Amino acid sequence: MLRLVLIRLASFVPTLFVASVILFVAVNVVPGSAARSALGIQATPQAIMRFEHLHGLDRPMALQYVEWAAKALVGDFGKSFQNAVAVGPEIRKRVPVTLELAAIAFVVAIFISVPLGALAGFCHQRGADVVVTTLATLFGSTPSFWLATLLIYGFALQLGWLPTGGYTAFSLDPIANIKGMLMPCIALGIVSSGLLIRIMRTAVIEVMAANFIETARSKGVSNFRLVTAHVLRNAMIPFLTVGAVEFGFLVGSVVIIEDVFRIPGVGSLVLVGIINRDYPVLLAAAMSITVIVLIINLLVDLAAQMIDPRQVRTGH
Amino acid sequence: MRLENYLRLGFVSLFGMAIGAGLPYTVLAQEGKYGGTLVTAFSADPGGFDPARGPSGMSHVVIEQIYGTLINLDADAQPYAGLSESWTQAADGLSWTFKLREGLTFHNGEALTAEDVVYTFERIMPEDSGYAYRSQVETIDEVVAIDELTVEFRLNRVTGPFEIYMAFPGSSIVPKDLLESGHDLNAEPVGSGPFKFVSYTPRDSIQFVRNENYYETGRPYFDGMTYRIIADPTALSNGMKSGEILFSNEVPPKDWNAVISQPGIVNAALEGSRYYWMIPNHEKGPLENKLVRQAIGHALNRQAIVRGAFFGQATPILGGVIPEWNWAYAGLDVFKPEGDIEKAKALLAEAGVVPGTPLSLTMVSSWPPMMSMAPIIQANLAQIGFTAQIDTMEVPRYWDEVWGPSKFDITAMYWLSPLADPDDFVTNTYATASSVSVHLGGTEEMDDLMLAAKSAVTIEERKALYRKQQELSLEDMTVIPLVNGWVLTAHTDRLKNFKPMRTGFLKTLKDAWLE
Amino acid sequence: MLMTDFNWRRYGLVAGTAPVVVIILVTAGLAPLIVPYSPYDLDVMVMLQGPTASHLMGTDELGRDVLSRVIHAARLSITVGLVAVLIGSFCGTIVGIIAAHFGGLVDAILMRFMDIVFCFPAILLAVILMANLGTSILNAMLAIGIIFIPGFARLTRAVAQTVQRQSFLEAAICLGMPGYRIVFREILPNVIGPVLVEAAVAFSYAVLLESALSFLGLGAQPPEPSWGNMINTGRGFIDQAPWISLAPGAALFFTVFSFNLLGDGLRDVLDPKLND
């Protein structure tokens, strides 16, 4: 068992490495001079050359990568091209915000998808199943940014119950924090629940197919509540292991949602980096998101293996 | 009895005189209320706080609060004494002598003397200094400290806008000793201005605190200021409407009416120095013919552009680009606000040009007014027979791929002149060769005129020369002026004594207070 | 065939959604012919007006007809979706079949690479790709197509491997049938079904991705109407003219939903067991 865990861990490092190389190359060949972006309309050719030399942009890519990676490993993500402020502290401030957003959104999605998915599974091939499956498709088809705009229009502008955006740290003002997180997490949660409902439904169906007859016989009188609880308990594990893949999609969607709701996480930082051609910022933010997804996948894989070594998640 | 009366009268008179003498004092003391933090909002992050390096407008808005300059500009862009209490210009115009105030200090307590002034300018004058506004200091041969409080600038050419240049944030006096000890001014600015730098959190805010030792006693009034950075324009407007933001001069035109109709908000909008113009590439087909350029100039419906791209908050430029509030305004109205298609067509006929190949209209996608203008311009061009195809590009790629190599048929640009001097309005735009002038056209005659106007000694001389230049500019139609987009300033009615500046700068905040 | 004889369970969903999908496709295809106004015709005098008889979905910030722009945007999104899916499915199928056919090291390297690309969140990849390629409709097709390759590669590889394991294939190899013949006659026909189902779902995701990209300003550029950039511009006017955002969003949602339902329906038809 430990061997399996170590193997899984061992494959994490090269994956991380390759991902970082891909990102680095992708970012550094983005056309549109970073120098001009930083220096503005009056930049002279000398100023541009000075800038590029100062930031080592005129050296071979491989060398630049090694230098960046070495510093990144100890948390030094360089300085922003725009204002020469260190990127690391900003990343450290923003990652928890994105994590909070993603986590709460995932919880919302679970709250929606577990009851609905279970309902569909229990009522397989009957009316409720069709309704729920259609609902799942409905949720999954919703564009998150449009849903976000609708929510803002309704709850913030018309009703005035919630702020149009922004973020307040929980430690500063818990109520304001929750108010600010409500709409973004609901938007993300609803869209994610599309897939999760189906996963739950499938899990419930499979558990029922495997266990139902046995359980019913062994317990004699089929106690509805006992059976239901039993099935649910067994379905949660496959649900979570497969569903955790959706968490990766969710983290990707935060790029848009953070932009719409002006939440200072690493998602919105990616866009800032692109618009300004601020390579250090873009790289650090994109890398952070990728690392979060990779780590979640890793943790879920490990958890799945420990709980049920039979359920090795290959080919996902 | 009489003596008592006299005594009483005398006593009352004395008392009255005392009060009378003291009255102005009490009135002055009541004039400004101390305290409070002014929360303002801007849309962009600054690029650094070293006057020699800060290239962006946002950097300057910070620099002007933290540093001092030899001369300041008031709300109408007229120079008045800053760090120097007086200055003189030599009769031949080739040298300026400044007398510094006594007892000036930087925020770290160090004295500000002529040495710092010399150091400041020697830092930005060299060709390889990387200073983006070198054209302002290129006529300075040397800067000499005559004594501890006197500095002399020796020029190699008469420089009309010299006082304006001395008031420019890039000319802010920096602390020599601090810099020589290796301090990074770009990250932690130390100056002699009304406010001290506290902190900068990227994409969030910049904090200032009052400089208790500011040389202008009694100023500033605020305890501190917060410059919030709000990239989304709608969020900025919402912040103003909700009262969270007390001041902004970057209110987006689309929300202007909604913001100023809120109770408790004061409209301080004014026409400034932000103008937009269309740039035809003089090496592209029909555009090399000045009659064709004139035709395009007349075909444009500037009224529609004001309405569609600026929601009414702009002035159509009907003649030269120097605006009406500036002393060099020439009042040469040649365009009709709604355009004149007949005249445009007549000009095309006179040029003998029949529009054939489509032209590309390349606009920067990140600037909403440009994007809104593009279809209007396209429609106007279609009316005189030109098919224009709209290409868009985001800012960073635009600089490299369109602007720098002049790879466009027609493009558009805007400029918010930070100086109020007419030279800054015309030189970069019309010159035959400059990093801002990419039209690949222009005439030597205009170049000479602009140089002469910049180097003339008296305002009257300069005014006449700029008039001539503007006449020529409309004849040559090197670029096509569009509109002047107002500086949309709005603030809470609790803010008193604030005078908006046409350049969009905020030096006058030091004279304002919060009730 | 009476209505009661119809196998609703199997064909019901397809029967219901196909007409809707066809209507959407036809509307999008005939866009230039059926729109009441040109999507570029502006009139600043009627800007920001709500729905009226002459402008059923109102006008936008330059006085253009929102309905016409929504219909035109349909054409754009659907074209991008189709091309992106074609690119992704074509390239992905090739990769998957190659991996399955050669096996061993080739398979390991290819699939590892696919795995790593797969682990990047799609939006992140799309955003960076667009910044690299330049913001245009063509590049959006390319970028989204690239993102789909790993998914199709995995699918076709799995199917191809299943087919390969079947014994008659070994017989064919023994008899000397050349490799490509095997591919074309045995593997491809089995691959097409699942690929089609995946393509339907991928198509709607492509439409969503294209809208997301133009929403962020990285796809179709104004004044070219795209549902995404219309929703984005509309955001700035949500209090003055909410229809600018709501109309294209509703169209986008409806289209994606219809195609997703169609995908569900196809799954029912091709292999009802797949639904479980």
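Every test in (1) at pLDDT below 90; (2) closer than 30 Å to C:T135 by Cα; (3) buried (at least 20 other Cβ atoms within 10 Å of the Cβ) is passed by A:T290 save one, and that test is (1).
Could you list, in sequence order, all residues of the stretch A:260-277 that are surrounded by fewer than 24 Cβ atoms within 10 Å (Cβ to Cβ) and within 21 Å of A:G189 (Cβ to Cβ)? Matches in the stretch A:260-277: A:R262, A:I263, A:P264.
When the stretch B:72-83 is limited to residues that are over 24 Å from B:E324 (Cα atoms) and touching a Ser or Thr at 6+ places or on another chain (Cβ under 9 Å), the one that is surrounded by the fewest Cβ atoms within 10 Å (Cβ to Cβ) turns out to be B:L83.
Within the stretch B:93-113, the set of residues being surrounded by 17 or more Cβ atoms within 10 Å (Cβ to Cβ), in contact with an Asp or Glu (Cβ under 7 Å, 6 or more places away or on another chain) and under 18 Å from B:E180 (Cβ atoms) comprises B:T113 only. Residue pairs whose Cβ atoms lie under 7 Å apart, sitting 6 or more positions apart in sequence or on different chains, and linking a residue in the stretch A:183-201 that is of a type in the set (D, E) to a partner that is in a helix (DSSP H, G or I), do not occur here. For the stretch B:45-69, the set of residues classified as touching an Asp or Glu at 6+ places or on another chain (Cβ under 9 Å) and either over 30 Å from B:P233 (Cα atoms) or part of a helix (DSSP H, G or I) (or both) consists of B:M58, B:S59, B:I63, listed by residue number.
Among all positions in the stretch C:40-49, there is no residue which is touching a residue at least 40 places away in the same chain (Cβ under 8 Å), surrounded by 15 or more Cβ atoms within 10 Å (Cβ to Cβ), of a type in the set (D, E, K, R) and in a loop (DSSP other than H, G, I, E, B).
Okay, residues lined up against (1) in contact with a strand residue (DSSP E or B) (Cβ under 7 Å, 6 or more places away or on another chain); (2) modelled with pLDDT of 80 or more; (3) assigned to a helix (DSSP H, G or I); (4) within 14 Å of chain B (Cβ to nearest Cβ):
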{"site": "A:A10", "(1), (2), (3), (4)": "no, yes, yes, no"}
{"site": "A:L16", "(1), (2), (3), (4)": "no, yes, yes, no"}
{"site": "A:F24", "(1), (2), (3), (4)": "no, yes, yes, no"}
{"site": "A:V27", "(1), (2), (3), (4)": "no, yes, yes, yes"}
{"site": "A:A35", "(1), (2), (3), (4)": "no, no, yes, yes"}
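Only one of the numbered conditions (1) out of contact with any strand residue (DSSP E or B) (no Cβ under 7 Å at 6 or more places or on another chain); (2) more than 8 Å from chain B (Cβ to nearest Cβ); (3) buried (at least 18 other Cβ atoms within 10 Å of the Cβ) is violated by A:L39, and that is (2).
Of the residues B:R462, B:R467, the single one that is among the basic types (K, R) and closer than 30 Å to B:N301 by Cβ is B:R467. For C:S136, the criteria (1) at the interface with another protein chain (Cβ under 9 Å from one of its Cβ atoms); (2) in contact (Cβ under 8 Å) with a residue 40 or more places away in the chain; (3) not charged (D, E, K, R) hold in every case but one, which is (1).
Looking only at the stretch A:143-181, residues that are touching a residue at least 24 places away in the same chain (Cβ under 8 Å) and part of a helix (DSSP H, G or I) come to 11 in all. Does C:I173 satisfy the criteria of being farther than 30 Å from A:E206 by Cα, at pLDDT 90 or above and either assigned to a loop (DSSP other than H, G, I, E, B) or in contact with a helix residue (DSSP H, G or I) (Cβ under 9 Å, 6 or more places away or on another chain) (or both)? Taking the combined requirement at face value, the residue does not satisfy it. Within 13 Å of chain C (Cβ to nearest Cβ) and either of a type in the set (G, A, S) or within 23 Å of B:E64 (Cα to Cα) (or both): which single residue out of B:A299, B:A235, B:A295, B:A268 fits that description? Criteria check complete, one pass: B:A235. Among the residues making up the stretch B:430-441, those that are surrounded by fewer than 24 Cβ atoms within 10 Å (Cβ to Cβ) and hydroxyl-bearing (S, T, Y) are B:T432, B:S434, B:S435, B:S437.
Could you check the stretch B:114-138 and list, in sequence order, the residues that are crowded, with 19+ Cβ neighbours inside 10 Å and assigned to a loop (DSSP other than H, G, I, E, B)? Within the stretch B:114-138, B:G130, B:Y131, B:A132, B:Y133, B:V137 qualify.
With respect to the conditions (1) among the acidic types (D, E); (2) modelled with pLDDT under 90; (3) over 25 Å from the mean Cα position of the chain (by Cα), B:E394 falls short on a single one, namely (3).
Scan the stretch C:8-27 and tell me whether some residue there is part of a loop (DSSP other than H, G, I, E, B) and either at pLDDT below 90 or within 14 Å of chain B (Cβ to nearest Cβ) (or both). No, the stretch C:8-27 contains no residue that is part of a loop (DSSP other than H, G, I, E, B) and either at pLDDT below 90 or within 14 Å of chain B (Cβ to nearest Cβ) (or both).
Scan the stretch B:263-297 for residues that are within 28 Å of the chain's Cα centre (by Cα) and not β-branched (V, I, T) and the total you get is 16. Of everything listed in (1) within 24 Å of B:P286 (Cβ to Cβ); (2) surrounded by fewer than 22 Cβ atoms within 10 Å (Cβ to Cβ); (3) touching a helix residue (DSSP H, G or I) at 6+ places or on another chain (Cβ under 7 Å), the single unmet condition for B:E444 is (3). Of all the residues in the stretch B:139-154, those that are more than 16 Å from B:K454 (Cα to Cα), in contact with a helix residue (DSSP H, G or I) (Cβ under 8 Å, 6 or more places away or on another chain) and not in a loop (DSSP other than H, G, I, E, B) number 8.
Counting only helices (runs of 4 or more DSSP H) that sit wholly inside the stretch B:330-403, those with at least 3 residues that are within 14 Å of another protein chain (Cβ to nearest Cβ) and under 30 Å from A:A38 (Cα atoms) are B:368-383, B:395-398. Considering every residue within the stretch B:119-129, establish whether at least one is touching a Ser or Thr at 6+ places or on another chain (Cβ under 9 Å) and farther than 28 Å from B:A420 by Cβ. The answer is no, given that none of the residues of the stretch B:119-129 is touching a Ser or Thr at 6+ places or on another chain (Cβ under 9 Å) and farther than 28 Å from B:A420 by Cβ. Hey, could you check the stretch C:94-125 for residues that are among the β-branched types (V, I, T) and without any contact (Cβ under 8 Å) to a residue 40 or more places away in the chain and say which is surrounded by the fewest Cβ atoms within 10 Å (Cβ to Cβ)? The extreme case among them is C:I109.
Helices (runs of 4 or more DSSP H) fully within the stretch C:177-254 that include at least 1 residues being modelled with pLDDT under 90 and more than 14 Å from chain A (Cβ to nearest Cβ): C:179-182, C:188-215.
One line per residue, one yes/no per condition, for (1) within 14 Å of another protein chain (Cβ to nearest Cβ); (2) at pLDDT below 80; (3) touching a Leu at 6+ places or on another chain (Cβ under 6 Å):
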{"position": "A:L172", "(1), (2), (3)": "yes, no, no"}
{"position": "A:M200", "(1), (2), (3)": "yes, no, no"}
{"position": "A:V204", "(1), (2), (3)": "yes, no, no"}
{"position": "A:N211", "(1), (2), (3)": "no, yes, no"}
{"position": "A:V227", "(1), (2), (3)": "no, yes, no"}
{"position": "A:P238", "(1), (2), (3)": "yes, no, no"}
{"position": "A:V245", "(1), (2), (3)": "yes, yes, no"}
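The values are calculated or read from the model by the stated rules, or taken from the named source; none is laboratory data. Not measured: the values here are computed from a predicted model. Here Cβ is always computed from backbone atoms with ideal geometry, including for glycine, and neighbour counts include all displayed protein chains.
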